[in-house]
Amino acid sequence: MKFAVIGHPIDHSLSPLMHHANFKSLNLDYGYEALNIPPTHFRHIRDIIGEKGLDGFNVTIPHKERIIDYLDDMSDEARAIGAVNTVKVENGKWIGYNTDGTGFVKGLQAQYGDLSHAHILILGAGGASKGIAYALSQVTENTISVANRSMSRFNDWQLEIQPYSLTDVASIAHQFDIIINTTPVGMHQSEDSVMSFEQLKKDVLVCDIIYIPLQTTFLKEAAQKQCTTYNGLDMFIYQGAESFKIWTGLESDITTMRNVVLNKLKQTST
């Protein structure tokens, strides 16, 4: 079987490394590659995937919503979220799923514990944000708050959330137990940060779904304020395992997947 991840840019992705380690651990002669698809070329996506003969593929920034127009069907969860990060190719038909939220929440519960009474703020309103907001809404009693630079971004949201502008975050940050950055700010060793930490509660958990680098400027600034921090590595691992299960029906070797990614990240940070 053959799989891939599509995105732009995609050079930084460790998905091929992670999935190949899993395939090897399970004695499977499968393939997985990274395909750089600029938005200007996306209209050819059906031809590109067809020529590769893929059995399924992951979708990352900036295509998680764009891919929907090319699908034959979607899971109920993906339809409710309005974003897709996993596509299964079955008998020539493309079926979309979203494993981002499930992957993130599995890791978050292990880190935080019971989320049922947590007050949660998500920064960013893209595809990953939608998936995480949906999954969190299944495990907490409180309405999820989401802040974004452009308020028009919320026009196509189907989830019940409390929307905010990013410019208002500093004044409301003290209300939350968990703050999650889903924006790309901080990727590729960028020194940028998406918000100020002046008004945070002392025991707030600050998360970033970015895993390259393991500690973004966002998380470094939170740590300086004595906040507990949590990066996107677990989300990356678990969403990959969920995708693999959708494609094959098999369980992944989570430990092997995590170890190979961690080792690679440690090598690149030294």
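One table, with the values for the structure above:
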| item | result |
| --- | --- |
| Selection from the range 79-112 of residues that are open to solvent by less than 60 Å² (accessible area, probe 1.4 Å), within 14 Å of GLN138 (Cα to Cα) and free of Cβ contacts under 8 Å to residues at least 60 places away in the same chain | GLY101, VAL105 |
| Residue within the range 112-126 that is at pLDDT 90 or above, assigned to a helix (DSSP H, G or I) and over 21 Å from VAL59 (Cα atoms) present | yes |
| Restricting the range 1-47 to residues that are assigned to a strand (DSSP E or B) and charged (D, E, K, R), the residue that is nearest to LEU214 (Cα to Cα) | GLU33 |
| For GLY103: the one exception among (1) at pLDDT below 95; (2) assigned to a loop (DSSP other than H, G, I, E, B) | (2) |
| Residue list for the range 127-153, filter: of a type outside the set (A, V, I, L, M, F, W, C), within 23 Å of GLN199 (Cα to Cα) and open to solvent by 20 Å² or more (accessible area, probe 1.4 Å) | ASN142, THR143, ASN148, ARG149, SER150 |
| Residue satisfying condition, being in contact with a His (Cβ under 6 Å, 6 or more places away or on another chain) and of a type in the set (Phe, Trp, Tyr), within set PHE176, PHE154 | PHE176 |
| Pick from the range 233-251, criterion acidic (Asp, Glu) and touching a residue at least 60 places away in the same chain (Cβ under 8 Å), ranking: most open to solvent (accessible area, probe 1.4 Å) | GLU242 |
| Test: GLN199 is more than 23 Å from ALA135 (Cα to Cα), part of a loop (DSSP other than H, G, I, E, B), without any contact (Cβ under 8 Å) to a residue 24 or more places away in the chain and not aliphatic (A, V, I, L, M) | no |
| Pair list, Cβ < 6 Å and 6+ apart or interchain, from the range 21-34 residues that are under 18 Å from VAL5 (Cα atoms) and modelled with pLDDT of 95 or more to residues that are of a type in the set (Gly, Ala, Ser) and not in a helix (DSSP H, G or I) | ASN22/SER252; GLU33/ALA4; ALA34/SER13 |
| Flag if ASP156 is open to solvent by 30 Å² or more (accessible area, probe 1.4 Å) and without any contact (Cβ under 8 Å) to a residue 24 or more places away in the chain | no |
| Members of the range 14-30 found to be among the hydroxyl-bearing types (Ser, Thr, Tyr) and either open to solvent by 20 Å² or more (accessible area, probe 1.4 Å) or over 19 Å from LEU262 (Cβ atoms) (or both), listed by number | SER25, TYR30 |
| Candidates SER75, SER116 - the one that is within 19 Å of ASN142 (Cα to Cα) and surrounded by fewer than 18 Cβ atoms within 10 Å (Cβ to Cβ) | SER116 |
| Failed item in (1) open to solvent by less than 60 Å² (accessible area, probe 1.4 Å); (2) touching a strand residue (DSSP E or B) at 6+ places or on another chain (Cβ under 9 Å), with GLU65 passing the rest | (2) |
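The values are calculated or read from the model by the stated rules, or taken from the named source; none is laboratory data. Predicted, not measured: the structure shown is a model, and the values here were computed from it. FYI the Cβ positions are ideal-geometry reconstructions off the backbone, even for glycines, and counts take in every protein chain you see. Only protein heavy atoms, including side chains, enter the accessible area calculation; ligands, DNA and RNA are left aside. Shrake-Rupley method; radii C 1.70, N 1.55, O 1.52, S 1.80 Å.
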